[in-house]
Structure formats: structure tokens, C-alpha cells
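Student: First, the structure itself, so that you have it in front of you.
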Amino acid sequence: MPRSSFSGSVSTPKLEVMVDMGNPLLNLTVDGFLKIGTVGVVKATAEETYHVLQKGNISHHKFEDSLKKMCKEGAYWGTAAGAYVGIEYGLERIRGTRDWKNAMIGGALTGALISTASKNGRDKIVMDAITGGAVATAAEFLNYLT
């Protein structure tokens, strides 16, 4: 019986932007802000594009609102990522080891920090800390698999 197979690889272009702030903590924090902030902007862009295609047109006012939303999403996502990366790096330096515990603690502290800045109540802050710790720990474990 004839058999066929397919093999190959797909790669994407890689763009690295590094801002040297003269301090490893600041370098990682800014890098996290820029990379994940870009993800937030792309997410908002995709959502706004979907809404425009759904309605069939866009006004000048709607375009300005879309740009504001993109900037807001980018800043929010970037700030969360920058805080997480900075906290995790600080924990790594303090504890002298790089492991999943840094991710868990960093995620929990970041979740609590962002929730507190959003003026949430105590129960919501605790839930956001638990969520942040769980997501960061899961991401760290997934990194071990690859």
C-alpha cells in the first residue's frame, strides 16, 4: 500500500527590540511592558476591526475611540506584564533560585497589585491574587514542557 508523508517547518520572522536602561530589572520590566503591551494593542485592533466589519462603516469619532481603546489596552496589558516580570526577577534575585515558586508569588502579587490599583474590595483583591498566581504557575509549568 502506498504511503505518503509530509514534513517541514514553519517559522515566523523574529523582531527583537531591547531598550538598555542600565539595570537588568528595568531592562526586563520595559521589555515585558513593550512585548505584552503590543499584544494588548493587537487584541484591541482585532476587536475594533471586527466591529467595523460588522457595521460596514466607520466614523471619525469611532476611529478616535478605537485608537484610544488600543492605547488603553496596550498600557494596561503592558503594565501588568512589566509588574509581573519585575516582581518575578526581584524574587529570583532575593531567593537565589529560578523556579515555579517565583512565578506563583509574582503572579499573586501582580494580581493583588493591579486589583488594588483598580480600587477593588478585599475579596476581589484576594481572588485576583489567586488567579494571578495560578495563571503564572501554569504558564511556568507549560514552559518546562517545551
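Student: Determine which member of the set LYS72, LYS14 is outside the structural domain of ILE130 (by TED's automatic domain parsing), without any contact (Cβ under 8 Å) to a residue 24 or more places away in the chain and either under 19 Å from the mean Cα position of the chain (by Cα) or closer than 25 Å to ALA129 by Cβ (or both). Write out each step before concluding.
Tutor: Working: LYS72 fails: without any contact (Cβ under 8 Å) to a residue 24 or more places away in the chain.
Matching residue, one of LYS72, LYS14: LYS14.
Student: For LYS62, indicate whether it is surrounded by 12 or more Cβ atoms within 10 Å (Cβ to Cβ) and either assigned by TED's automatic domain parsing to the domain that holds THR116 or at pLDDT below 90 (or both). Working first, answer last.
Tutor: On the way: surrounded by 12 or more Cβ atoms within 10 Å (Cβ to Cβ): yes; either assigned by TED's automatic domain parsing to the domain that holds THR116 or at pLDDT below 90 (or both): yes.
Yes: the conditions hold for LYS62.
Student: So, in segment 128-146, exactly how many residues are loosely packed, with under 15 Cβ neighbours inside 10 Å and aliphatic (A, V, I, L, M)?
Tutor: 6
Student: With the requirement that a residue be among the small types (Gly, Ala, Ser) and surrounded by 14 or more Cβ atoms within 10 Å (Cβ to Cβ), what does segment 32-59 give you? Show your work before the answer.
Tutor: Applying the first criterion (among the small types (Gly, Ala, Ser)) to segment 32-59 yields 32, 37, 40, 44, 46, 56, 59.
Within segment 32-59, GLY32, GLY37, GLY40, ALA44 meet the criteria.
Student: Search segment 15-29 for residues being crowded, with 16+ Cβ neighbours inside 10 Å and in contact with an Asp or Glu (Cβ under 9 Å, 6 or more places away or on another chain), and hand back the single one that is farthest from ILE87 (Cα to Cα). Outline the logic, then answer.
Tutor: So the first thing to find is which residues in segment 15-29 are crowded, with 16+ Cβ neighbours inside 10 Å, and the list is 27-29.
Then keep just the ones that are in contact with an Asp or Glu (Cβ under 9 Å, 6 or more places away or on another chain); that gives 27-28.
Numbers: ASN27: 13, LEU28: 10 Å.
The extreme case among them is ASN27.
Student: Still on this structure: Scan LYS119, LYS124, LYS62 and give me the residue that is more than 19 Å from the chain's Cα centre (by Cα) and either closer than 21 Å to LEU25 by Cβ or not in a helix (DSSP H, G or I) (or both). Even if it seems obvious, please write down each step before you answer.
Tutor: On the way: LYS124 fails: either closer than 21 Å to LEU25 by Cβ or not in a helix (DSSP H, G or I) (or both); LYS62 fails: either closer than 21 Å to LEU25 by Cβ or not in a helix (DSSP H, G or I) (or both).
From the options LYS119, LYS124, LYS62, the qualifying one is LYS119.
Student: Take LEU113 and tell me if it is touching a helix residue (DSSP H, G or I) at 6+ places or on another chain (Cβ under 9 Å) and assigned by TED's automatic domain parsing to the domain that holds ASN143. Give the derivation first.
Tutor: On the way: touching a helix residue (DSSP H, G or I) at 6+ places or on another chain (Cβ under 9 Å): yes; assigned by TED's automatic domain parsing to the domain that holds ASN143: yes.
The answer is yes for LEU113.
The values are calculated or read from the model by the stated rules, or taken from the named source; none is laboratory data. This one's a predicted model, so the numbers in the text were calculated from it and none came from an experiment. With ideal geometry, Cβ positions are generated from the backbone for all residues, glycine too; neighbour counts draw on all protein chains shown.
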